[in-house]
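Input: a single structure, listed below in structure tokens.
Throughout, read-outs are computed from the coordinates displayed, never taken from laboratory work. Bear in mind that the values here come from a model prediction, so they are computed numbers and not experimental data. All Cβ positions, glycine included, derive from the backbone under ideal geometry; neighbour counts span all protein chains shown.
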Amino acid sequence: MAKIFITGGNGQLGRACKRFFSKNHQVVTTDIQEMDITNSDSILKAIGDFKPDYIVNCAAYTAVDRAESETELAHRLNVIGPSKLAAAAVLFRARLIHISTDYVFDGNRQFPFPWTEEDTPNPQTVYGRTKLDGENAVINTYGCDGIVLRTAWLYSPTGHNFLKTMLRLASSSPADKIHKIVNDQFGCPTSASELAKQILYIIESPNYLDRGVYHAVCSGCTSWYHFATRFLELMNIDTTNFKPCTTEEFPTPAKRPRNSVLAVDKLSSKNMYVMVDWETALKNYVIEHGQTVYKDVLASL
Ligand SMILES: NC(=O)c1ccc[n+]([C@@H]2O[C@H](COP(=O)([O-])OP(=O)(O)OC[C@H]3O[C@@H](n4cnc5c(N)ncnc54)[C@H](OP(=O)(O)O)[C@@H]3O)[C@@H](O)[C@H]2O)c1
């Protein structure tokens, strides 16, 4: 049984990790109310009290568009926070598992060729830049046994995510309103449950990973439009009003990568669990959480 300390425990991934890890391990879950990852005293107290074997950092600034105008806050959460956690991991001899993003890449690679860990990141947004700086803070902290898992297009039954936005659009009025969904950006939708399973597998593996960066996403890839319509079909919701559009037709404050498909060969070459393909994970999500999520969305309208 390992002692696992989860930060950002109220977020999408944090909740999934808590659910999976608690079955066989001793787990402490914190969010900003219990431990602010940007506050050294708070970290030293919480981690020093528990003395974990593993720290899984699920806390982050994740509002991609808002980060363009909240640069300072994004930097504090995505760079200073991980750097302080890395220092605490060294001090208390814990392994650190830190989560990053596909948005560290510029996306300018022809689809469907994926990005590997050997490729040079070139983030185009404040969010992507701060996440890359956070990766480097973990990897470059002397003595830190840290790994970085880059994931993408995360969804779960709780919190804000793309699937819930699609349900909201499908349920909004007027019923004949057309919804344009971007069909020329490609990535790897990843269920938070699958990622939590992946992290647990890494923790429980007798051959723990060498420090460094690893890609950790559901296999396969798709566009936002196909992701949305496949989800709605699985939910038995009519997709007639959902139409594909180009990136130019749907401008956002933060520029999204056109192709942020990630290759997972490095993890699989280490004999690690490789997550199921995105469509299987989506089906499982709909079976397990579809009705609850739909009710939550309807109640919020
Ligand atoms: N969501 C995606 O599509 C996506 C894609 C690629 C990579 N990722 C990465 O995956 C990881 C998990 O993402 P997620 O979607 O689970 O994020 P999330 O749902 O936004 O959860 C992040 C959690 O961190 C908490 N937090 C904020 N500031 C904090 C602080 N100073 N100290 C402690 N906790 C704090 C947040 O609390 P509040 O809600 O109160 O702020 C929230 O509960 C992140 O590293 C993210 O960058 C996410």
field: Estimated vicinal HN-Hα couplings, Hz - segment 264-273 in sequence order (Karplus 6.51, -1.76, 1.60; Gly, Pro = x)
entry: 10, 4, 5, 5, 5, 5, 9, 6, 8, 3
message: Counting pairwise Cα distances across segment 1-134, what percent come out greater than 22 angstrom?
response: 40
- request: Evaluate E = 1/(1 + (r/R0)^6) for SER69 and LEU91, where r is the Cβ-Cβ distance and R0 equals 35 Å; express this FRET efficiency to the nearest 0.05.
  value: 0.50
message: Which one, LYS51, LYS23, LYS164, has the greatest fluctuation when you compute a Gaussian network model over the chain with C-alpha springs under 10 angstrom?
response: LYS23
query: Order of MET35, MET272 from fewest to most other C-beta atoms within 10 Å?
result: MET272, MET35
- prompt: Roughly how many Å is it from the Cα centre of segment 49-115 to that of segment 154-171, as a whole number?
  reply: 23
field: Cα centroid separation - segment 200-233 against segment 252-301, whole Å
entry: 8
field: Residue-by-residue Karplus 3J(HN,Hα) for segment 4-18, coefficients 6.51, -1.76, 1.60, Hz, glycine and proline x
entry: 10, 10, 10, 9, x, x, 8, x, 4, 6, x, 5, 5, 4, 4
statement: Rounded to the nearest 5, the percent of DSSP beta bridges in the chain running antiparallel is 5
Dipole axis of segment 120-256 (+1 Lys, Arg; -1 Asp, Glu on Cβ), positive-most option in LEU167, HIS226, ASN136: LEU167
message: Helix-only mean residue ellipticity at 222 nm, the chain, DSSP H runs n ≥ 4 weighted -39,500 (n - 2.57), per residue, nearest 500. What is it?
response: -11500 deg cm²/dmol
query: What distance in nm separates the simple spin-label points at ALA254 and ARG109, each placed 7 Å from Cα in the Cβ direction?
result: 2.0
task: May I ask you to compute the full-extension gain from SER269 to ALA2, defined as 0.36 nm times their residue separation minus their alpha-carbon distance, rounded to one decimal in nm?
output: 93.7 nm
statement: Rounded to 0.05, the calculated FRET efficiency for the beta carbons of GLN291 and THR240 at R₀ = 22 Å is 0.45
- prompt: Cα-Cα over 23 Å: which of LYS131/LYS255; LYS23/LYS84; LYS197/LYS266; LYS18/LYS270; LYS131/LYS243?
  reply: LYS23/LYS84; LYS18/LYS270; LYS131/LYS243
